[in-house]
Amino acid sequence: MDCQLDIFFLEAILNGVLLAGLLALLALGLNLVFGVIDVVWICYAELVMIGMYAIFYAYTGGVPFPLAALLGILAVAATGALLHWVVIRPVLDQPPINQLLVTGGVLFFLQAVATMAFGIEFRSLGIRLGSTGFADMTFAWSRILAFVVALAGMLALWIFLSRTFLGTAIRAIAQDRQIMPLMGVDASRIYLVTSAVGGGLAGLGAVLMVLQYDIYPQIGLQFGPLIFMICVLGGLGSMAGGFVAAFLISQFIAVGGSCMATEWGYAVAFLFFMVAIFIRPQGLFGVRG
Amino acid sequence: MKHLLTACMAGLAAMLVAAPAAADIKVGVIYDLTGAFAGGGSKAGSIGNKIAIDMINERGGVAGHKIVPFYADAQSKTDVAINEAERLLNDTKVDVVMGLFSSAQCVPISAKVDAAKKFMWLNICVATAVMKDKNLQYVFRAQVHSDQYGEASCQFVFDHAKAKFGKEAKDIKVAVIYEDGPYGSGIASTNEQKCKQLGLQLVHKEGYAATSGDLSALVTKLRRAQPDVILHTGYNPDITLFLRQAKESGLKWGALIGHGAGFAQIDKLYETFKGDVDYLYNVDPVAAQLLDAKTLAPGMGDLTAEMVKRYKAETGGSEVPTHASSGFNQAWIFFADVLPRAIKSHGGFDPEALRKAALETDIPVGGTIQGYGVKFYGPGTPLSGQSERSTPAIMQYVKGETKVVAPAAIKTADPVLPLPKGHAYAR
């Protein structure tokens, strides 16, 4: 353990904050789907991967980046809706373990399809946004942009859920899946919309990640377990919980990695997760039962 | 007389028909054809390996025996690689297992295969830990091993400290960063040992998971340590993540020396980083096409040309990475040298015959397409089964071209050191 409380330590903390924005956005989509439909999309990070490929091929095909990004978001939103219609809907009444295994199967299916369709090469858009700095600290614009857009995306989702009729219906279904259909709410439609919105958030995550990471079929493995851990820590289905958990975990990774070896940062984050779950099995913001 | 002649001919014909055809030699070939290692060089190695088998079969096989390959995909996962090796040995009943890219896979599989007294020929994985102090009897590796990588890069820095950096060796600050599997850890350990032994100043040493999604903490620590030289061992995507975050965070250095794997995929690095990867170094067995054929044994140049031609045809690409040479070269050494001797001098191709033939291998330096010779350390020695004649080269990428800058015997250019002013990572 070697924590040097200098300007580089502060840089590590701020880098953790920037990473948290992206992770919070990714956790948000997964939590939204779980909170409303009560199904965990284990394959969520693979949807992000699909979005990254969509953006890559659109951009390298000559589409300007903003439009390619929009296409990527729409593509993943459509994939999310398709995932619900084809895979989730038939198992909605099945035990949770069946639902989990089905989405787990989709994870491997998407990885295999991506490998066959896109190949094993690492792809990159080649867009470099540069960096900015102050007081001997340097931060990548791609990370700052990701943080700002992630926060904006979360704000937009909050406005959608709290200020629109459809959003209100989604929240209502999330609160009581049995009663709301009896009151005339079309649950199937709400589920489909929620899946599309959840997919759209994965697509937004893809837009932000494609500026920072190479694209390859297994990139979901880099983030999938982390996103899932954040959701569970925050309380599955709790969007506020996911947000807080993302910042906590990111700081453990960044500061832990700064004071100790990088790999210890992840180890400490997972240790914290285990201890927290022992104390609050329902997660930080989850409701027991 | 006429009847006798007819009878003789009929008898001869019957004998020819009845004579058993030479048995096929079944070879299990394991590489990562999918997953992160595939694009990191494993696929290229498998293509090189396949080209060697195709060429051997086109020449009539080995002593009349056709080589029948059984290709398996380890999917960049150690457990899958172990299962595939067991399936090939126990179900398919292959005579030889060869290939393997990842040292993390080579360590457990070589131990298992050796314990079962089956024969294994390692093509690409380099960790010294695969062989060291294991006293393996049936596992052989003609390839360079990681201790040699780690020693070569430190020696290179030491040799050029005064002339290029204008500093005494003790004033050169070196950082060692590595993926924390057997491959990265093995090379990093030798880096630390050798650099310290040479009096270089080791200012930072740190491992990380190759699947890590964020290396910013590592980059920050390197900014604090301000090394002149960074010795890096990694796969992909960790190398690209490091280079990207290093640039965005303003990390500067005098030289970045990579050790194979992801650093050997220069065309992929160029796609992402363009000129930013100019002057990058890579320690690795040399890609055969970079060598002057006149310095090699007769026929090696033609062999390389054929391999390169077929590789380009197979992939449609213009670059032939080192891993393609390694996959081809090791397979060729086995099929063209070891296997014929096993059949001719030791009565077949069972594990015992192959082991004896391998131990008799004596290819002088210059006798393979990658320049090094082959002679294996014998049983009871610390590196039993490892070739003692393998040597890595140090290459530098200069404006899209690969130059060999060490060892002196095969170098094609002087190293550019430290990075020229104006370079993205230059101080």
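Among the residues of segment B:399-427, the ones that are open to solvent by less than 30 Å² (accessible area, probe 1.4 Å) and among the β-branched types (Val, Ile, Thr) come to 2 in all. Being touching a residue at least 60 places away in the same chain (Cβ under 8 Å), closer than 20 Å to residue B:43 by Cβ, surrounded by fewer than 24 Cβ atoms within 10 Å (Cβ to Cβ) and among the acidic types (Asp, Glu) is the requirement here; does residue B:271 meet it? So residue B:271 fails the test. Just to be sure, is residue A:203 at pLDDT 90 or above and buried (at least 23 other Cβ atoms within 10 Å of the Cβ)? Criteria met by residue A:203. Of all residues in segment B:167-190, those that are modelled with pLDDT under 95, in contact with a Gly (Cβ under 8 Å, 6 or more places away or on another chain), open to solvent by less than 20 Å² (accessible area, probe 1.4 Å) and not in a helix (DSSP H, G or I) total 1. Listed by first and then second residue, the pairs linking a residue in segment A:219-232 that is part of a helix (DSSP H, G or I) to a residue that is of a type in the set (Lys, Arg) and modelled with pLDDT under 90, with Cβ atoms under 9 Å apart and 6 or more places separating them unless they lie on different chains, form an empty list. Just one of the numbered conditions (1) within 14 Å of chain B (Cβ to nearest Cβ); (2) under 22 Å from residue A:127 (Cβ atoms) is not true of residue A:72: (1).
Okay, residues lined up against (1) within 21 Å of the chain's Cα centre (by Cα); (2) touching a residue at least 40 places away in the same chain (Cβ under 8 Å); (3) at negative phi:
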site	(1), (2), (3)
A:129	no, yes, yes
A:149	yes, yes, yes
A:154	yes, yes, yes
A:159	yes, no, yes
A:165	no, no, yes
A:178	no, no, yes
A:208	yes, yes, yes
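For the residues B:76, B:103, the requirement of being of a type in the set (S, T, N, Q), open to solvent by 10 Å² or more (accessible area, probe 1.4 Å) and touching a Phe, Trp or Tyr at 6+ places or on another chain (Cβ under 6 Å) singles out B:76.
Scanning segment B:193-208 for residues that are open to solvent by 10 Å² or more (accessible area, probe 1.4 Å) and either within 14 Å of another protein chain (Cβ to nearest Cβ) or under 22 Å from the mean Cα position of the chain (by Cα) (or both) returns B:194, B:203, B:204, B:205. Scanning segment A:1-53 for residues that are surrounded by fewer than 19 Cβ atoms within 10 Å (Cβ to Cβ), farther than 20 Å from residue A:260 by Cα and of a type in the set (S, T, N, Q) returns no hits. Does residue B:252 satisfy the condition of being open to solvent by 30 Å² or more (accessible area, probe 1.4 Å) and more than 30 Å from residue B:372 (Cα to Cα)? Considered against the rule, which asks whether it is open to solvent by 30 Å² or more (accessible area, probe 1.4 Å) and more than 30 Å from residue B:372 (Cα to Cα), residue B:252 comes out as yes. Suppose the filter is open to solvent by 10 Å² or more (accessible area, probe 1.4 Å) and either part of a helix (DSSP H, G or I) or not aliphatic (A, V, I, L, M) (or both); does residue B:211 pass it? So residue B:211 passes the test. In segment B:225-259, which residues are acidic (Asp, Glu) and either modelled with pLDDT of 90 or more or under 21 Å from the mean Cα position of the chain (by Cα) (or both)? Those that are acidic (Asp, Glu) and either modelled with pLDDT of 90 or more or under 21 Å from the mean Cα position of the chain (by Cα) (or both): B:228, B:238. Looking across segment B:359-382, the residues that are touching a Gly at 6+ places or on another chain (Cβ under 8 Å) and among the hydrophobic types (A, V, I, L, M, F, W, C) come down to B:359, B:363, B:365, B:374, B:376.
If you check B:117, B:132 for being out of contact with any His (no Cβ under 7 Å at 6 or more places or on another chain) and within 30 Å of residue B:265 (Cβ to Cβ), only one passes: B:132.
Per the conditions (1) open to solvent by less than 10 Å² (accessible area, probe 1.4 Å); (2) at pLDDT 90 or above, the sole criterion not satisfied by residue A:269 is (2).
Applying the criterion of being aromatic (Phe, Trp, Tyr) and in a helix (DSSP H, G or I) to the residues of segment A:20-55, the residue that is nearest to the chain's Cα centre (by Cα) is A:44.
Of the numbered criteria (1) closer than 29 Å to residue A:112 by Cβ; (2) surrounded by fewer than 23 Cβ atoms within 10 Å (Cβ to Cβ), the one residue B:123 fails is (2).
Could you check segment A:209-265 and list, in sequence order, the residues that are charged (D, E, K, R) and either more than 9 Å from chain B (Cβ to nearest Cβ) or open to solvent by less than 10 Å² (accessible area, probe 1.4 Å) (or both)? First the steps, then the outcome.
Filtering segment A:209-265 for residues charged (D, E, K, R) gives A:214, A:263.
Within segment A:209-265, just A:214 meets the criteria.
Scanning segment B:342-351 turns up no residue that is assigned to a helix (DSSP H, G or I) and within 19 Å of the chain's Cα centre (by Cα).
What are the residues in segment A:71-102 that are open to solvent by 90 Å² or more (accessible area, probe 1.4 Å) and closer than 22 Å to residue A:55 by Cβ, if any? Listed by number, the residues that qualify are A:74, A:82. Each residue in segment A:130-140 was checked for being more than 8 Å from every other protein chain (Cβ to nearest Cβ) and surrounded by 14 or more Cβ atoms within 10 Å (Cβ to Cβ), and 1 of them qualify. Just one of the numbered conditions (1) facing chain B (nearest Cβ under 9 Å); (2) open to solvent by 60 Å² or more (accessible area, probe 1.4 Å); (3) out of contact with any Phe, Trp or Tyr (no Cβ under 9 Å at 6 or more places or on another chain) is not true of residue A:148: (1).
The values are calculated or read from the model by the stated rules, or taken from the named source; none is laboratory data. Worth saying up front: this structure is predicted, and the values here are computed from it rather than measured. As a convention, Cβ positions derive from the backbone with ideal geometry for all residues, glycine included, and neighbour counts pool all protein chains shown. For accessibility, only protein heavy atoms count, side chains too; no ligands or nucleic acids. Shrake-Rupley method; radii C 1.70, N 1.55, O 1.52, S 1.80 Å.
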